[in-house]
Amino acid sequence: QKEVEQDPGPLSVPEGAIVSLNCTYSNSAFQYFMWYRQYSRKGPELLMYTYSSGNKEDGRFTAQVDKSSKYISLFIRDSQPSDSATYLCAMGLDTGGFKTIFGAGTRLFVKA
Amino acid sequence: ETGVTQTPRHLVMGMTNKKSLKCEQHLGHNAMYWYKQSAKKPLELMFVYSLEERVENNSVPSRFSPECPNSSHLFLHLHTLQPEDSALYLCASSQRGGGESYTFGSGTRLTVV
């Protein structure tokens, strides 16, 4: 079983739709959770960072962590064509090591 | 310049060539990383330099050789690569403290022919 599972998509939605992106993981010890956005021909950029369980909102983006289910989500409200990108989840242990694990990324297309 | 800068952006090399990838960070971070990104696969951590200590993934072939002359510069030396090494190579930096996030460069798209 992979440590982090992420559906590669592609996911295609109309402009204005609510988008839900998800990852599941197997290591219950993970403490911090991140979402990165990667545009074509660019490196990933940090979008959301959450420590432990709960929700975090930033503008049109909401990150949700459910540690009991080992499941994290990223919601995008009022999606725009500029949101078209690959979204990578990442998570790890806050123990000073180098164990951040990335998902394979979900490719999102938002159609105008 | 700000952030993490990688050169070259694109590189095509033969299997017998020797080339180097360069990365520079302007963020004052104390750790730098090389990642390999292949299509539909998770980012693969290759090497870490933290406070001048090198940490490596034991599964990385010896044809990849990192060099970190100071906390701002990182190189990846390549020699006798294989076609399966074709991928996007990403450099990243972070400020070590546990649970930190990374700042990535735009990557070098490497094609081995």
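The values are calculated or read from the model by the stated rules, or taken from the named source; none is laboratory data. Since the structure is predicted, the reported quantities are computational estimates derived from the model, not experimental observations. All Cβ positions, glycine included, derive from the backbone under ideal geometry; neighbour counts span all protein chains shown. Ligands, DNA and RNA are stripped out before the accessible areas are found, and what is left, the full protein with its side chains, is counted by its heavy atoms. Shrake-Rupley method; radii C 1.70, N 1.55, O 1.52, S 1.80 Å.
Values computed for the structure shown
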| item | result |
| --- | --- |
| Test result for A:ALA90, free of Cβ contacts under 8 Å to residues at least 40 places away in the same chain, on the phi < 0 side of the Ramachandran plot and open to solvent by less than 10 Å² (accessible area, probe 1.4 Å) | no |
| Selection within region A:93-112 - in contact with a Gly (Cβ under 7 Å, 6 or more places away or on another chain), open to solvent by 30 Å² or more (accessible area, probe 1.4 Å) and at pLDDT 95 or above | A:ARG107 |
| Sole exception among (1) surrounded by fewer than 19 Cβ atoms within 10 Å (Cβ to Cβ); (2) in contact with a strand residue (DSSP E or B) (Cβ under 9 Å, 6 or more places away or on another chain) for B:ASN70, by number | (2) |
| Selection count, region B:1-19, where residues are exposed (fewer than 14 other Cβ atoms within 10 Å of the Cβ), under 18 Å from B:THR111 (Cα atoms) and over 13 Å from the mean Cα position of the chain (by Cα) | 6 |
| 1 or more residues touching a Lys or Arg at 6+ places or on another chain (Cβ under 6 Å) and closer than 20 Å to A:TYR36 by Cβ: qualifying strands (runs of 3 or more DSSP E) within region B:32-109 | B:44-50, B:87-94 |
| Qualifying positions in region A:51-85 - open to solvent by less than 30 Å² (accessible area, probe 1.4 Å) and in contact (Cβ under 8 Å) with a residue 40 or more places away in the chain | A:ILE72, A:SER73, A:LEU74, A:ILE76, A:SER79, A:ASP83, A:ALA85 |
| Residue in region B:2-17 that is of a type in the set (D, E, K, R) and either closer than 23 Å to B:GLY99 by Cβ or free of Cβ contacts under 8 Å to residues at least 60 places away in the same chain (or both) present | no |
| Residue within region A:27-50 that is at positive phi, away from chain B (no Cβ under 11 Å) and open to solvent by 10 Å² or more (accessible area, probe 1.4 Å) present | no |
| Flag if A:GLN1 is open to solvent by 30 Å² or more (accessible area, probe 1.4 Å) and either more than 13 Å from chain B (Cβ to nearest Cβ) or charged (D, E, K, R) (or both) | yes |
| Leading residue by the ranking (nearest to A:THR50 (Cα to Cα)) among those in region B:77-99 that are in contact (Cβ under 8 Å) with a residue 24 or more places away in the chain, within 14 Å of another protein chain (Cβ to nearest Cβ) and not polar (S, T, N, Q) | B:ARG96 |
| Residue that is nearest to the other protein chains (Cβ to nearest Cβ), among those in region B:47-56 that are surrounded by 14 or more Cβ atoms within 10 Å (Cβ to Cβ) and without any contact (Cβ under 8 Å) to a residue 40 or more places away in the chain | B:VAL48 |
| Failed item, numbered, when A:LEU93 is tested on (1) aliphatic (A, V, I, L, M); (2) within 12 Å of the chain's Cα centre (by Cα); (3) within 14 Å of chain B (Cβ to nearest Cβ) | (2) |
| Tally, over region B:20-44, of residues that are open to solvent by 40 Å² or more (accessible area, probe 1.4 Å) and within 11 Å of another protein chain (Cβ to nearest Cβ) | 5 |
